[in-house]
Each structure stands twice: as C-alpha cells, then as structure tokens.
Amino acid sequence: MSILRILQYPDPRLHTLAKPVAAVNEQVRKLVADMAETLYAAPGVGLAATQVDVHKQVIVIDISETRDQLHTFINPEILASSGVSDCEEGCLSVPGIFEKVKRAEQVTVRALDREGKLFTLDANGLLSVCIQHEIDHLKGKVFVEYLSRLKQARILNKLKKMQRKIM
Ligand code: GNR
Ligand code: NI
C-alpha cells in the first residue's frame, strides 16, 4: 500500500470530472487500499479519488472514532435526498479552512462496494454531509465554491500565504 499525495486547492486538477469505474478489478481495489491508507494518515473523514489525482468515481469514508469502519463507494449515485443541514465543513485539499455549507440533511445513495456489489445506504448527519462533499469532488467541485466571492477571495489569499511559508 502507499500513501498518495493530496492535491491542494486551487490546483486546477481538482476541477476534473471523474469517470465511472467500468469493472471493480484488482487495480481498483489497490486504489481503494491506497486511498484508505492515505485517509488514515490524514486528519480527515473522507477522501475522493479526485483529490489524489485519479479521475475515477471512487470514494472512501470513515466517520468512526476508532477509524476502523471504512465505507467504499464506487460509482455513487444519490437516489433521494431530503431536509436541510448547515454543517461546518473542512477539506483535506483546503487545509485550515472551516466554513458552513448548506446540504441535504438525509441522502439515499447507491454505489458499488469493494467487491463490485451494488448496495443502497440511507445516511444522515456527518455521513450524509461527507457523501455529498465527496460526490462533489468527483464532479470537480470543492466546498469553498459554495461560499461568497468575498469569502473565496479571502480563502485563496490565506492558502497562498500558507503555501509560501511551506515552500
Ligand atoms: O475530513 C473531512 N471532514 C469533513 C467535515 C465536514 C464535512 C465534510 C468533510 S470531508 C473532509 C475530508 C475531505 O476533504 N474529503 O474530501
Ligand atoms: Ni474534501
């Protein structure tokens, strides 16, 4: 397994549209294993393949405190959603930024698991928000794009300053 590099906003590759996975084979399972290792090495609860510069519809999520309850979503589709949630979000591709985003409160998602088996899951709370956040990544959308232009400009400034310090 390997820890993969996470793209940092505003990297233009974060705006790539991910393609559906044609077959859940060994190569896809290796990607899932590497994404899980990358997620567990980072202070995050979810990771989309887009963030590691692989433009396939693959997501891993683990919202458990014990970090041993991995959910894998391949080719995820939201079948239904309801309610409104206003949760503070963060993103491994936008370090140090936390802002409230309006999402559906509950989602029903259908996806393939690591074995290529179709499953349907009803989610609410953090899991629901995280699923929506990760599916956005697969569509090339980063959560800061829901914020006002002023907030986005401030965030870009802050990230530029932080990235200058590291380099
Ligand atoms: O670690 C993460 N926390 C989080 C908190 C609220 C809503 C969404 C998330 S996802 C984020 C990890 C990440 O960047 N996934 O793409
Ligand atoms: Ni993210």
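The values are calculated or read from the model by the stated rules, or taken from the named source; none is laboratory data. This structure is a prediction, so every number in the text was calculated from the model and none was measured. Cβ coordinates were reconstructed from backbone atoms using ideal geometry, including for glycine residues, and neighbour counts include every protein chain displayed. Heavy atoms of the whole protein, side chains included, go into the accessibility calculation; ligands, DNA and RNA do not. Shrake-Rupley method; radii C 1.70, N 1.55, O 1.52, S 1.80 Å.
In region 133-150, the residues that are more than 10 Å from ligand 1 (Cβ to nearest atom) form Cβ pairs under 8 Å with partners that are among the basic types (K, R), at six or more places apart or across chains, as follows: V144/K151; Y146/K102. Within region 44-71, being open to solvent by 30 Å² or more (accessible area, probe 1.4 Å) and touching a strand residue (DSSP E or B) at 6+ places or on another chain (Cβ under 7 Å) holds for V45, H55, K56, Q57, L70, H71. Residue count for region 36-50, restricted to those that are more than 6 Å from ligand 1 (Cβ to nearest atom) and not polar (S, T, N, Q): 8. Among the strands (runs of 3 or more DSSP E) confined to region 72-126, the ones with at least 1 residues that are open to solvent by 30 Å² or more (accessible area, probe 1.4 Å) and of a type in the set (A, V, I, L, M) are located at 106-112, 118-124. Report, by residue number, each residue of region 33-43 that is among the aliphatic types (A, V, I, L, M) and either crowded, with 20+ Cβ neighbours inside 10 Å or within 16 Å of ligand 2 (Cβ to nearest atom) (or both). If the condition is that a residue be among the aliphatic types (A, V, I, L, M) and either crowded, with 20+ Cβ neighbours inside 10 Å or within 16 Å of ligand 2 (Cβ to nearest atom) (or both), then M35, A36, L39, A41, A42 are the ones that fit. Filtering region 73-126 to residues that are in contact with a Lys or Arg (Cβ under 6 Å, 6 or more places away or on another chain) and within 14 Å of ligand 1 (Cβ to nearest atom) leaves S85, D86, E88. A Cβ distance below 8 Å, combined with a sequence gap of six or more or placement on separate chains, defines the contacts here; from region 27-42, residues that are at negative phi and aromatic (F, W, Y) reach residues that are within 16 Å of ligand 2 (Cβ to nearest atom) and at pLDDT 95 or above in the pairs Y40/D62. For first residues located in region 92-108 and of a type in the set (F, W, Y), partners that are open to solvent by 40 Å² or more (accessible area, probe 1.4 Å) and lie 6+ apart or on another chain with Cβ distances below 8 Å form the pairs F98/E88.
When each of V84, V109 is tested for being of a type in the set (A, V, I, L, M), in contact with a Pro (Cβ under 7 Å, 6 or more places away or on another chain), more than 16 Å from ligand 2 (Cβ to nearest atom) and at pLDDT 95 or above, the lone residue that passes is V109.
Can you tell me how many residues in region 139-167 are assigned to a loop (DSSP other than H, G, I, E, B), within 16 Å of ligand 2 (Cβ to nearest atom) and hydrophobic (A, V, I, L, M, F, W, C)?
2
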